[in-house]
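Student: My questions all concern the structure below.
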Amino acid sequence: ESISASISIPLEAAISLGYSHSFEFANDYSLAIGGVSHFNYRAYTIPVDVSSFVDSYINRERLIDGLISGSNISFDLGATFYMPYGCSTALTVEDLALDIKFKDSFSNELWNISIPSSVCMSLGYKNKLGPLTIMGAIDLVDVFNIKNGSTLLYHLNFGGGVELWKNIGLYGGLKGGYPSFGLKLKLFFFECFLSYNISETSQYVGYNPKDN
């Protein structure tokens, strides 16, 4: 058996433009709505095996055979309703997008890749108690795809945190069925944030976890 490796150079660029507006109501109720549009460009060179790349370099031949590139426009929309005592609820729709249209510059082949959109719901709490800021949230991610074979825990995120004078913060929670932790330190112009979480690369909790 032989082992081969290929070289491909990825390129990616994005431009985002957003707008939001807040409506104030009586008794500390308010509604914030907003949206963000994204222009995305992705490209990568056609993979070339290492031996061919080295031979081309030595012989001063063309190193790259072509470029596969594509672009699309996507939108994120959201609304957050704020209530008294630091409570809030939110609804977001992410990746409302046109298909990414790819083109192979070597063969002139064209094809499209669809980007699935997702709907997310959340409940939040944030309040100050003297020097402490206490916060918590529950998120249900990609609501309408829960029934498509994946488990509920895969779509459920919840957590909380405590901040002291906005200089020290401790955070913890459950993300996609796995624990996550965070620590924030802020001193003058220095700010450091450390986090640890486990992400699931399959649709089922426990099948293929990955440390981050």
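The values are calculated or read from the model by the stated rules, or taken from the named source; none is laboratory data. Every value quoted in this text rests on a predicted model; they were computed, and no experiment measured them. For neighbour counting, all protein chains shown are included, and Cβ atoms are generated from backbone atoms with ideal geometry for every residue, glycine included. In case anyone asks, the SASA skips ligands and DNA or RNA and just uses the protein heavy atoms, side chains included. Shrake-Rupley method; radii C 1.70, N 1.55, O 1.52, S 1.80 Å.
Student: Once the other residues with Cβ under 11 Å from the Cβ of W111 are scored (Lys, Arg +1; Asp, Glu -1), what is the net sum?
Tutor: Details: positive: K101, K103; negative: D99, D104, E109.
So the surrounding residues net to -1.
Student: Net charge near A97, counting Lys/Arg +1 and Asp/Glu -1 over other residues with Cβ under 13 Å of its Cβ? The partial results should precede the final answer.
Tutor: Working: positive: R42, K101; negative: D76, E94, D95, D99.
Overall, the nearby charge balance is -2.
Student: Rolling a 1.4 angstrom probe over the protein chains, ignoring ligands and nucleic acids, what is the accessible area of T151 in square angstrom, nearest 10?
Tutor: 50
Student: Under a plain spin-label model, where a point goes 7 Å from the Cα along Cα-to-Cβ, how far apart in nm are K128 and A32?
Tutor: 1.6
Student: Using θ = phi - 60° and the Karplus form 6.51 cos²θ - 1.76 cosθ + 1.60, what ³J(HN,Hα) does each residue of the range 24-34 get, whole Hz, x for Gly and Pro?
Tutor: 9, 10, 6, 6, 6, 8, 7, 10, 10, 10, x
Student: Also: Using a Förster distance of 25 Å, how high is the FRET efficiency between S118 and H21, based on the Cβ-Cβ distance and rounded to 0.05? Spell out each step's value before the answer.
Tutor: Working: r = 23 Å, r/R0 = 0.94.
The calculated FRET efficiency here is 0.60.
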